[in-house]
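The structure appears below as structure tokens.
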Amino acid sequence: MPSHLMSRRDLDFLLHEWLRVSESPEGTVDRETVDAVLDLAEQVATRWFAPHNRRNDSEEPRFDGTRVHVHDEVAPALAAYFEAGFGGMTMPEELGGSDLPVVVAQAADLWFSAANVGTAGYPFLTKANANLLRAHATPEQVATWVQPMVEGRFFGTMCLSEPQAGSSLADVTTRAVPHDDGTWRVRGNKMWISGGDHELSDNIVHLVLARAAGAPAGVKGLSLFIVPKVLPDGSRNDVQLAGLNHKMGMRGITNTLLNFGEADGAVGYLVGDENRGLAYMFHMMNEARVGVGTSAVALGYSGYLHALEYARTRPQGRPIGAKDPASPMVPIVDHADVRRMLLAMKSYVEGGLALELYCGRLLDEERTATDPARTREARLLLEILTPIAKSWPSQWCLAANDLAIQVHGGYGYTREYPVEQLWRDNRLNPIHEGTHGIQALDLLGRKVTMADGAAVHLLAARMRDTIERAAATPGAPATHAAELAAHLDRTLEVTAALWATGDPALALADATTYLEVLGHLVVAWLWLDVELVATRAETATDPFHAGKRAAAQYFFTRELPRLGPQLDLLAGMDRLLVDLDPSVL
């Protein structure tokens, strides 16, 4: 029976036919290894994660004032995950890892997010924590904290937000004072800390942004500290759980308010240099942002697969023009409007999946390329694509979940079917790890302008390469190439005009619209590239590849035209949002 979690056929297509991961210059992995990893991921996710997804939703973690209680299916699932080696997929062998390409690990983790995004959140954060420490911590810190996280004995968190500051990290007030033994004492409060307390591991490694005494104001004065729940001597650190946050969805992972240093001060260990904490933390934040987008794809894709099966098996109504009320009802997939919704979902989730895996491929190039020019190009592309990779699937794969409910009709709005939980779980993704608006400001305010626009020009060059190849392919690809080229030219013109005003407040007022424009442009480009692969003569009549071409056609005829009015709005330099008096709201 086909999985309702992910499409293995689509993963095979994107990894082997489109990205050709086992043939890349950086690749040290053969197809048999890739397939074995995906087989194992599907098996472990289906056996250990999927069965308690509903239970995570109905029996969320609870705090009795002393300890956190998590139901009894979570720990065995996480043990199975780490025992199978998924905790160290991209880590080097000397740390107990498998040294796999990032894009392969990313594809494997899709199964776990689709099966149970709450339980999958614990290793998601732990791996990002370990990757940051591997990049920026001392060898002694790596030996102490990273290897136990790879093995699943320790879990990790990221502690940035505070109750009074939210996402405004310039206003962080948590303090750190040096101690005579070389450690630090950390005092403050951190809010929205996923995985912040539980009994699922021997220890929890908190990565905490705090301000050392005498540090500059704002983000330039933030340092990064390892603050474990349990100290190396086995004693409990001064880290206290103040309470759990109760969320609309994604309830399986604890979400906490933590108090550091209520008594003698929480013992912390400085990572790297003082006042460079945010720069280090961006290593984890950027990984988490791509991971959030990947999670959004997984949840949207699962909703699509559920809706597709329902539409194929649910009889209702009769074809347009049918006159006999006694004639058999037809499956709802036969109705044009249901096909419209399914094709929209397909274009969103499969386009989002291509985006995330493309970013994974870039991470591999940045990490392993021997040519410095390729490394630089990969880094530039990741800089400009990361806010899109986080936000586009969080918006449009959530829209796919909304459509999945609609395809189910009234049944979709009940708890008898999983699509309502998938929507609630996915609704967090436009919010955490930097909201939609924050990603928009980052994209237009920093990534587009950095290095005199080097990243946006490189991205445009990549798009033009695909456009040139598609233009030489008769039929739909050539038509789509011309449409993409026109929208790309207009987007570049509007981008230059926005910053030519010399007024940052005006240029950034509609940054979210700009993010949506560039996001749709990027996904249209990837759909065109995928369409070229699906148009090869040997696949011309295959239903799978025909489905790819149909989804590309939908995106170009129904989605890409959205850019016209949005670009008109941006080009018009509308001052409504700049000049509006808040008192009228």
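Key figures for this structure:
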| quantity | calculated |
| --- | --- |
| Qualifying residues in the range 486-532 (those that are hydrophobic (A, V, I, L, M, F, W, C) and touching a Lys or Arg at 6+ places or on another chain (Cβ under 8 Å)) - the one farthest from K447 (Cα to Cα) | L532 |
| Residues of the range 363-377 satisfying the condition of being polar (S, T, N, Q) and open to solvent by 70 Å² or more (accessible area, probe 1.4 Å) | T370 |
| Matching residues in the range 18-59 - criterion: being touching a residue at least 40 places away in the same chain (Cβ under 8 Å), within 23 Å of the chain's Cα centre (by Cα) and either loosely packed, with under 15 Cβ neighbours inside 10 Å or farther than 23 Å from T368 by Cβ (or both) | L40, E42, V44, A45, T46, F49, A50, H52, N53, R54, N56, D57 |
| Total residues in the range 183-231, condition aliphatic (A, V, I, L, M) and either free of Cβ contacts under 8 Å to residues at least 12 places away in the same chain or open to solvent by 10 Å² or more (accessible area, probe 1.4 Å) (or both) | 8 |
| Filter pass, A571 being open to solvent by 20 Å² or more (accessible area, probe 1.4 Å), modelled with pLDDT of 95 or more and closer than 23 Å to L459 by Cβ | yes |
| Matching entry among L5, L11 (being in a loop (DSSP other than H, G, I, E, B) and surrounded by 20 or more Cβ atoms within 10 Å (Cβ to Cβ)) | L5 |
| Residues that are at negative phi, buried (at least 22 other Cβ atoms within 10 Å of the Cβ) and not in a helix (DSSP H, G or I), drawn from the range 402-442 | L428, N429 |
| Candidate set from the range 60-85 (those that are under 19 Å from N203 (Cα atoms) and in contact with a helix residue (DSSP H, G or I) (Cβ under 8 Å, 6 or more places away or on another chain)); member that is most open to solvent (accessible area, probe 1.4 Å) | P76 |
| Test for A551: is it part of a helix (DSSP H, G or I) and surrounded by fewer than 19 Cβ atoms within 10 Å (Cβ to Cβ) | no |
| Residues satisfying the stated conditions in the range 495-512, i.e. surrounded by fewer than 21 Cβ atoms within 10 Å (Cβ to Cβ) and closer than 27 Å to A470 by Cβ | A496 |
| Residue in the range 107-124 that is surrounded by fewer than 16 Cβ atoms within 10 Å (Cβ to Cβ) and either out of contact with any strand residue (DSSP E or B) (no Cβ under 6 Å at 6 or more places or on another chain) or closer than 24 Å to R424 by Cβ (or both) present | no |
| Which numbered condition L380 misses (of (1) open to solvent by 10 Å² or more (accessible area, probe 1.4 Å); (2) more than 30 Å from C159 (Cα to Cα); (3) aliphatic (A, V, I, L, M)) | (2) |
| Selected residue [among the β-branched types (V, I, T), closer than 30 Å to T90 by Cβ, open to solvent by less than 30 Å² (accessible area, probe 1.4 Å) and part of a helix (DSSP H, G or I)] from V338, V292 | V292 |
| Test: A135 is more than 15 Å from V290 (Cα to Cα), open to solvent by 10 Å² or more (accessible area, probe 1.4 Å) and in a helix (DSSP H, G or I) | yes |
| I388 vs. criteria modelled with pLDDT of 95 or more, in a helix (DSSP H, G or I) and more than 21 Å from Y554 (Cβ to Cβ) | no |
| Pick from the range 244-282, criterion of a type in the set (V, I, T) and more than 30 Å from N53 (Cβ to Cβ), ranking: most open to solvent (accessible area, probe 1.4 Å) | V267 |
| Condition check for I320: free of Cβ contacts under 8 Å to residues at least 60 places away in the same chain, touching a helix residue (DSSP H, G or I) at 6+ places or on another chain (Cβ under 9 Å) and either outside any strand (DSSP E or B) or open to solvent by less than 60 Å² (accessible area, probe 1.4 Å) (or both) | yes |
| Filtered residue count, the range 78-93, keeping only those that are of a type in the set (A, V, I, L, M) and more than 18 Å from D39 (Cβ to Cβ) | 3 |
| Cross-chain or 6+ apart pairs with Cβ under 6 Å, the range 471-482 first and among the small types (G, A, S), then open to solvent by less than 40 Å² (accessible area, probe 1.4 Å) and assigned to a helix (DSSP H, G or I) | A471/A478; A471/A481; A481/I467; A481/A470 |
| Contacts under 7 angstrom Cβ, first residue in the range 419-432 being of a type in the set (V, I, T), partner modelled with pLDDT of 95 or more, 6 or more apart | V419/G303; V419/H306; V419/A307; V419/N401; V419/A404; V419/I405; V419/H408; V419/G412 |
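The values are calculated or read from the model by the stated rules, or taken from the named source; none is laboratory data. Nothing here was measured: the structure is a model prediction, and the numbers come from that model. When we count neighbours, we look across all protein chains shown, and the Cβ atoms used for this are built from the backbone with ideal geometry, even at glycine. To get the accessible areas, we keep the full protein, side chains included, count just its heavy atoms, and leave off ligands, DNA and RNA. Shrake-Rupley method; radii C 1.70, N 1.55, O 1.52, S 1.80 Å.
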